[in-house]
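The values are calculated or read from the model by the stated rules, or taken from the named source; none is laboratory data. Computed from a predicted structure; not experimentally measured. We place every Cβ from the backbone using ideal geometry, glycine too, and count neighbours over all the protein chains shown. Note: areas computed on protein heavy atoms with side chains; ligands, DNA, RNA excluded. Shrake-Rupley method; radii C 1.70, N 1.55, O 1.52, S 1.80 Å.
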Amino acid sequence: MHNSGCYVIGDYTVNYSPSFSILNLCTQSKKHEAKFDQILIIANPDNSLAYAEVEARQISSLFKESRILTQDADPFTVLSSIGDYHCIHFSCHGSFREDSTLKVGLRLAATQNHTGFLSLNQIVSEAKLPIGSTVVLSCCDSIRTVLQETDEFIGLPNAFLIARASNVIGSLWSIDDLSTTLLMMQFYEKIKQGETHEAALRQAQIWLLSITRKDLFTWISENQSFLDPTLKVYLQRLLHAIPSDDVHPFQSPFYWAAFCSIGQ
């Protein structure tokens, strides 16, 4: 925050890079930026996230071509599929340990022969994304990094950028399901309108922190045909529990500030 009490995103669009070497890699990938009209969505692979599949259905409706993997999203299936899509969206559990990069990864669907854990090392060695693609990690702790002895920060963003993505969106802490769904819907809508990833994320965050109970009722009414029925029910329950039209239910940074844009 500024001394004035205003949030930085009110004045600036922010983008990050784990290192200069990764930034250079992203710049090269950006030159071959993929078209943003295809998406692979991995949603609720372990069947434990209430809003993940709602989020997936909402996002997929914005794309010409989409595929949603749920309980069939085991690591092998995901790794063999991501090369066919310009955008890959993960709505699942992230795993992070400061003391070991071996424990950093994504929790996908388990099989008889695999725990379902997709590790950082697997992503680096086996993932082959279209050059210039986008990866969105709608997961808890998904862009936290570990500082190595070489002074290099290592985490999931590095892994996907090394795998030829030009941009990774993810979170720094445990996130709320409902507010994240709304944020992601706004993010993708702004992307489809031609905004850059970092600008789209900033605008989505400002929308979420600024919206009031009254605004949300209006938004639901204006998007009746587009909104998933389950999401409408969740939102209406939330809004009826709020006492005043002027309340901003998602104003706290907890709901929106976890997400950052990394890369180019």
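Numbers at a glance
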item: Enumerated helices (runs of 4 or more DSSP H) restricted to segment 169-232, each holding at least 3 residues that are in contact (Cβ under 8 Å) with a residue 12 or more places away in the chain and closer than 28 Å to residue 146 by Cβ; result: 177-192, 197-210
item: Per-region count, segment 202-224, residues open to solvent by 40 Å² or more (accessible area, probe 1.4 Å) and farther than 17 Å from residue 12 by Cα; result: 7
item: Criterion (crowded, with 19+ Cβ neighbours inside 10 Å and modelled with pLDDT under 95) met by exactly one of 108, 120, 137, 147; result: 120
item: Condition check for residue 154: outside any loop (DSSP other than H, G, I, E, B), over 18 Å from residue 202 (Cβ atoms) and either of a type outside the set (Lys, Arg) or modelled with pLDDT of 90 or more (or both); result: yes
item: Segment 56-73 residues that are touching a residue at least 60 places away in the same chain (Cβ under 8 Å), paired with ones that are open to solvent by less than 50 Å² (accessible area, probe 1.4 Å) and not hydrophobic (A, V, I, L, M, F, W, C) (beta carbon under 6 Å, 6 or more apart); result: 57/228; 58/228; 59/188; 62/188
item: Enumeration of residues in segment 39-92 that are of a type in the set (Lys, Arg) and in a helix (DSSP H, G or I); result: 57
item: Selected residue (criterion: most open to solvent (accessible area, probe 1.4 Å)) from residues of segment 151-201 that are among the β-branched types (Val, Ile, Thr) and under 19 Å from residue 102 (Cα atoms); result: 162
